[in-house]
Amino acid sequence: MPQPTLGAFFKQGPAKRGRVPMDGTAREGAMPAPETRKKAKKTTAPRSRATSSAALSGAAAPSYTPLEQQILALKEAHPDVLLLVEVGYKMKMVGEDAHTASRILNIACFSERNLATAMIPVPRLAVHVKRLVAHGLKVGVCRQTETRALKAATEHANRPFARELTGLYTSSTWIDDIDAVQALEEVGAEQIVLAVAECAEVGIAALDVATGAITYDAFRDDAMRTELETRLAHLVPQELLLPTHLSEDTRRAVRAYTAVHPNVRIEHVADCDHISTRLGELYSGTALASVLAYAPATQAAFVYLVQYLGAFQLTSAFATCANYCAFTDRASMRLNGHTLANLELLRTREGKVQGTLFAHLDHCKTPMGKRRLRAWLRRPLLQANRIAERLDAVDCLRVRRAAVLHTIPSMLVRIPDLARGLSRIAYGLAAPTELATVLLSLHRITHTFPDVHSPLDAHTASPVVDRAIADLGAARECVARFLDRISIPDARNNDKVGMFPTASENVLACRDMLAEDEAQFVAHLEAARTTLHRPKLQYTSVSGVENLIEVRASDVPRTPADWVRISSTKLVVRFHTPAIVRLSKLREQHRELLAEGGKVMYADFLREVAQAYAAMHCVVEAVALLDALSSLAAVASLPGYVRPTVQDGAPHLALTQFRHPVSETRTAAYVPNDIALGGAAPHAVLLTGANMGGKSSTARAIALVVILAQMGSFVPCADAQLTPHDAIMTRMGAHDELVSGKSTFMVEAEETAHILKTATPKTMVLLDEFGRGTSTFDGTALAYAVLESFLAQQAPPRVLFITHYMALGALVDAYPKTLCAMHLAVKLEGPEHVVFLHKLVDGLAQGSLGMYVALLAGLPRELVACARQRAASMDRRRVAAYSALVHALVHTPLQAPPLLRAMTSLAACRGQCHDA
């Protein structure tokens, strides 16, 4: 993104008197103080095209106030950031930033002296920053780092407040507090920034900012960048870090990803040559040793990621080795990006969560459980014993025979996003009220099972559940210790001083000074009573102004001349005496010192809590596990769901009365089906049928049942027997890639080529109507060749091959033990009506029945009748052409000279067939 010059960035406007808030802090932005006004007139902004043009034309360069100079300097230091600068009770944006914020936030943009300006109230800062980063912007917050009273006591009283960048945010690095309300689609969703690097391999490193989870990988990839696309589809990063030197293949994959996810933010980072040296500067201890063991491409990705997040102060997560997880896990099924999309596991084709398999499975009560369930769905298990363990746990929670299991549902209620809360504590961002919420929630959880000290104490008949219940008490002692040191009511009020009953020496000294201030106020009140001859006189406070002395209007002439009039009504006039003015300033300084001391105490306490991250994280992981298992237990209790039998052995799949888990919820008359692949049954099915007959839905249902079984869920079947599948690969749906300049057929051919290269005997392959997008003969021939390439393998994968090319039925005769033909039955009622029975039966279909479906779609009857006549004519020509071909073969002698004439005759017949 090119950076504008200052002259282009800051839109000049006519001089305009600034608005001054009641506390006077914004007066620095309206007019410089008298002693600095002369100096301000001599100072101009750094030269730019705009100021140079003004000089050439004879126009005077703009004269900036000290505050404007300060904002210009901040913007020059951070040119690619939309800056919000704290000025009094407002956050101010200037120049092009003001115009951008005005458009996005729907707020006013106006000229204030030399700069276009937009402002928002400080209390609404979080709301507006979240809206800005959602539009892909990098937003910086510049805070006043001086307080009014302490600044007034220094020699710099007439200068602008010191300001500096205190917060930097993007869509992936903005962390809501745990009480923030989120949309349904966002609950439990990841907030990931991902770095890509290339050496001999492609490397990635990603941080889920909300939870602190770190994912890494290194892999060799093809020109299509299928492996990279798969990782992007699984992780769904909101921000991508790309080095300067990146191959065109990788850039093309990134462009394809951002075309589908237009709100993804791209950040370009500088290349790094000395990776190991830089890692030594960024890491230490066991974390450094772990990262140095990774592949060079992964190390480079970590350098880019940690360097970038350093500006956001979000690097503390990298110090905890427990947060690291390799993306490539040999113990999980491979589901590439195409499969995730084609089976609508996490998002529908419209980009919604509702209607997906995840939405159907999601009965979780906590955000942590939702994340865990989503992770299980992305990576189903591969080992039969681990699948059985998880199924045992689900069944255990379903029947709840053990007494302790009846407590889990109530424990999971009203638990906030503890993973996000722990991350905010680790980053030093948690407010006292958030800290109190996290500690109280952990205290309740850790005391749910006070008598369980080890897995042997749980007695639930499931080792997985036993371990999780035992882990709930991992942080019991440390959480209780932290709670003993703070006052919850004061923490709820974000009182960083009052929340600590035992204060530091600095805080105690400040409290003593404030007590002395109050004593002086009391002593001065006695003097005021004597002056006014009012022995019962008391201080009053109005509109936040303290220690006011109210005098009846009739008694005002008797007040001393040096008393300062503050406010009045018809009956009374309120004053501050010179002593009260002096004492108020002194008290305000002591209060600000006390507040600073409270901040230091709270920051120290927060760091101490963060040191217990591992124990508290163990509790949160146990909650996530139990919540996700409980969600699957709720699914297992649905009518028609059974426990699958997953065993090692020769690859096979046998489903009885299987159903599509999502589609069956939308209809009251869902038709179940049976399927058998592998073992004694053929390994492949040639699936034909009418348009709209349900072929694709049936194939998806089979794949979804396999995924459910291997993620440890009960399945919508009467019976399910299978061996673990190492992958499910799909080629379904028709779409092009205009960004890459690829046609629909090119995309399908590339995806099919990848499947042919990577499928194993343990893989399930779904190919839906491969061969469309080109001529009928080419499509049929390619589909025939692709299917035969699977059938000819000594140990083929399980294949569901959906097609309208009936010529492929010849392969059933050629490979009777490996391939069988099935179709979805229909019932024809006259020339215009068809009933889809959705029943899977043996044999090839009668045809595609496109004319019937065309009528259902609303095409005019006359048009369809014309099409029927044309189809009949084409069929007659085709029969005649093939008859001529057979005649030529029968009547051509096999001698060498006539053979050439026979080949010529065959070529002519082929041309007739092609024309037909």
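The values are calculated or read from the model by the stated rules, or taken from the named source; none is laboratory data. In this text, all values refer to a predicted model and were calculated from it rather than measured experimentally. Heads up, the Cβs are rebuilt from the backbone with ideal geometry, glycines too, and the neighbour counts pull from every protein chain shown.
Just one of the listed residues (ALA331, ALA384) is surrounded by fewer than 19 Cβ atoms within 10 Å (Cβ to Cβ) and touching a Lys or Arg at 6+ places or on another chain (Cβ under 9 Å), namely ALA331.
Applying the set (1) touching a residue at least 60 places away in the same chain (Cβ under 8 Å); (2) outside any strand (DSSP E or B); (3) not aromatic (Phe, Trp, Tyr) to ALA854 leaves exactly one unmet item: (1). Any residue that is among the charged types (D, E, K, R), in contact (Cβ under 8 Å) with a residue 12 or more places away in the chain and surrounded by 19 or more Cβ atoms within 10 Å (Cβ to Cβ) - is there at least one of those in the range 242-255? Scanning the range 242-255 turns up no residue that is among the charged types (D, E, K, R), in contact (Cβ under 8 Å) with a residue 12 or more places away in the chain and surrounded by 19 or more Cβ atoms within 10 Å (Cβ to Cβ).
In the range 548-563, is there at least one residue being exposed (fewer than 14 other Cβ atoms within 10 Å of the Cβ), β-branched (Val, Ile, Thr), on the phi < 0 side of the Ramachandran plot and without any contact (Cβ under 8 Å) to a residue 40 or more places away in the chain? No: the range 548-563 contains no residue that is exposed (fewer than 14 other Cβ atoms within 10 Å of the Cβ), β-branched (Val, Ile, Thr), on the phi < 0 side of the Ramachandran plot and without any contact (Cβ under 8 Å) to a residue 40 or more places away in the chain. At least 2 residues being surrounded by fewer than 22 Cβ atoms within 10 Å (Cβ to Cβ) is the threshold, and among the helices (runs of 4 or more DSSP H) wholly inside the range 414-522 those reaching it are 432-446, 463-471, 476-484, 488-492. Are any residues in the range 289-301 buried (at least 18 other Cβ atoms within 10 Å of the Cβ) and among the hydrophobic types (A, V, I, L, M, F, W, C), and if so, which ones? If the condition is that a residue be buried (at least 18 other Cβ atoms within 10 Å of the Cβ) and among the hydrophobic types (A, V, I, L, M, F, W, C), then VAL291, ALA295, ALA297, ALA300, ALA301 are the ones that fit. Across the range 214-223, the number of residues qualifying as out of contact with any helix residue (DSSP H, G or I) (no Cβ under 6 Å at 6 or more places or on another chain) and either crowded, with 21+ Cβ neighbours inside 10 Å or among the aromatic types (Phe, Trp, Tyr) (or both) comes to 2. Scanning the range 410-454 for residues that are more than 16 Å from ARG481 (Cα to Cα) and among the hydroxyl-bearing types (Ser, Thr, Tyr) gives SER410, SER423, TYR427, THR433, THR448, SER454.
Okay, residues lined up against (1) crowded, with 17+ Cβ neighbours inside 10 Å; (2) touching a residue at least 40 places away in the same chain (Cβ under 8 Å); (3) β-branched (Val, Ile, Thr):
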{"site": "LYS90", "(1), (2), (3)": "yes, yes, no"}
{"site": "THR100", "(1), (2), (3)": "yes, no, yes"}
{"site": "ILE107", "(1), (2), (3)": "no, no, yes"}
{"site": "SER111", "(1), (2), (3)": "no, yes, no"}
{"site": "ASN114", "(1), (2), (3)": "yes, yes, no"}
{"site": "PRO123", "(1), (2), (3)": "no, no, no"}
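The residues listed here are SER567, SER584; of these, the one that is at pLDDT below 95, part of a helix (DSSP H, G or I) and of a type outside the set (D, E, K, R) is SER584. Only a single item in (1) outside any helix (DSSP H, G or I); (2) of a type outside the set (Asp, Glu); (3) touching a His at 6+ places or on another chain (Cβ under 9 Å) is not met by ARG574, and it is number (3). Among the candidates ASP484, ASP457, the residue that is of a type in the set (Asp, Glu) and either closer than 30 Å to VAL399 by Cα or under 29 Å from the mean Cα position of the chain (by Cα) (or both) is uniquely ASP457. ALA195 meets the stated requirement of being assigned to a strand (DSSP E or B) and within 15 Å of LEU309 (Cβ to Cβ). Here ALA668 meets the list (1) surrounded by fewer than 16 Cβ atoms within 10 Å (Cβ to Cβ); (2) outside the structural domain of LYS762 (by TED's automatic domain parsing) almost entirely, failing just condition (2). There is no residue in the range 881-892 that is at pLDDT 75 or above, under 30 Å from GLU832 (Cα atoms) and outside the structural domain of LEU828 (by TED's automatic domain parsing).
Every residue, every condition in (1) in contact with a helix residue (DSSP H, G or I) (Cβ under 7 Å, 6 or more places away or on another chain); (2) within 30 Å of VAL581 (Cα to Cα); (3) modelled with pLDDT of 90 or more, yes or no:
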site	(1), (2), (3)
GLN70	no, no, yes
PRO79	no, no, yes
LEU82	yes, no, yes
VAL87	yes, yes, yes
ASN106	no, no, yes
ILE120	yes, no, yes
PRO123	no, yes, yes
HIS128	yes, no, yes
ALA153	yes, yes, no
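Which count do you get for residues in the range 230-253 that are in a helix (DSSP H, G or I), of a type outside the set (D, E, K, R) and over 17 Å from HIS338 (Cβ atoms)? Total satisfying the criteria: 1. Picking from residues in the range 400-413 that are touching a residue at least 60 places away in the same chain (Cβ under 8 Å) and either of a type in the set (Ser, Thr, Tyr) or not in a helix (DSSP H, G or I) (or both), the one that is nearest to SER631 (Cα to Cα) is LEU412.
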